[in-house]
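The values are calculated or read from the model by the stated rules, or taken from the named source; none is laboratory data. For clarity, every value in this text was computed on a predicted model and none was experimentally measured. Neighbour counts run over all protein chains shown; Cβ positions are idealised from the backbone, glycine included. The accessibility values were calculated without ligands, DNA or RNA, using every heavy atom of the protein model including side chains. Shrake-Rupley method; radii C 1.70, N 1.55, O 1.52, S 1.80 Å.
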Amino acid sequence: RCRVINRSELQSVPAEPESKPTLSILFVGNSLTQDGIAYLPYMLKNYYPEVTFNIYMWYIGGKNMGEHYSNFTSVSKVADIFSIAENSEGWTNYRNSMPMSSVLAYYKFDIVCLQEYFNKKDSYTDCTDWNNCKDYILNNYKGGNELTFISLFHAPARKADSSIGIIGTVDEIYERTKAGNALILKNTVSEDIIPFGIAVYKALDTDLKNLGDKGQLSPDNIHTQEGLPCLLQTYVALCWI
């Protein structure tokens, strides 16, 4: 025997929740990466509530891709900080507790962002270090899905230091960063660039140069940004995503 359901009853039945698409991104870098994506979980949660974002960062201060590769392959080297923001507006930080092999074994990603910033004169002659890191990740990743690789570029410091080959003028740093972008796209599987460095150096030619907690870009002469962390760079990453 069937009972007729009237319209008012039908409207009161809760709809089945729709499953949200998920995008998981692993960032591998140093303090430049950390400063550039610090606000990202907060902004993603508010700008794109229809998507679940899982953001991970494997961070060792001051290291380039060659040094990261050495750390990947060391049995004892762990991240200074392994940070996780899983469908969250904030980070959970695990200090000195996660080698890259464990990250690749226990977490699943869609995109891997590798940061090279060409801070030294001899660091942009080829892409061996970038490709070594990519190969290690592919060979040790247990998630089962295909990974997309992206390059994350921060501009290097503006403070000139001849001992390590840092060039100090805005124009020279801009040209170096632009050349590094082209090199990565030509010689690696990177499908795109998140151009932190280009964005910040272009901003130096506008009134944006007066931003920041100290009234200028690159207040500490090491991190090229408007304060620590950097909203301008987070906006660039947000636009890319």
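Does the range 29-38 contain any residue that is among the hydroxyl-bearing types (S, T, Y) and closer than 24 Å to I198 by Cβ?
Scanning the range 29-38 turns up at least one residue that is among the hydroxyl-bearing types (S, T, Y) and closer than 24 Å to I198 by Cβ.
Working only within the range 96-131, note down all residues that are at pLDDT below 80 and among the hydrophobic types (A, V, I, L, M, F, W, C).
F118
Given (1) at pLDDT 75 or above; (2) basic (K, R); (3) open to solvent by 60 Å² or more (accessible area, probe 1.4 Å), identify the lone condition not met by K202.
Here K202 meets the rest and fails (1).
Residues K142, K134, K159: which one is at pLDDT 90 or above and part of a loop (DSSP other than H, G, I, E, B)?
From the options K142, K134, K159, the qualifying one is K142.
I want to confirm something. Restricting to the range 63-112 and keeping residues that are of a type in the set (A, V, I, L, M, F, W, C), part of a strand (DSSP E or B) and out of contact with any helix residue (DSSP H, G or I) (no Cβ under 8 Å at 6 or more places or on another chain), which single residue is surrounded by the fewest Cβ atoms within 10 Å (Cβ to Cβ)?
Per the criteria, the residue is I111.
Does the range 20-62 hold any residues that are over 12 Å from the mean Cα position of the chain (by Cα), open to solvent by 50 Å² or more (accessible area, probe 1.4 Å) and polar (S, T, N, Q), and which are they?
T22, N46
If you check every pair at least six apart or on different chains, which have Cβ atoms under 8 Å apart with a residue in the range 172-196 that is touching a residue at least 40 places away in the same chain (Cβ under 8 Å) and under 17 Å from M65 (Cα atoms) first and a residue that is in a loop (DSSP other than H, G, I, E, B) and hydroxyl-bearing (S, T, Y) second?
Filtered contacts from the range 172-196: T177/Y117; G180/Y117; I184/S190.
If a residue must be aromatic (F, W, Y) and at pLDDT below 90, how many such residues does the range 145-156 contain?
1
Suppose the filter is assigned to a helix (DSSP H, G or I), open to solvent by 50 Å² or more (accessible area, probe 1.4 Å), at pLDDT 70 or above and closer than 20 Å to I60 by Cβ; does D171 pass it?
No: the conditions fail for D171.
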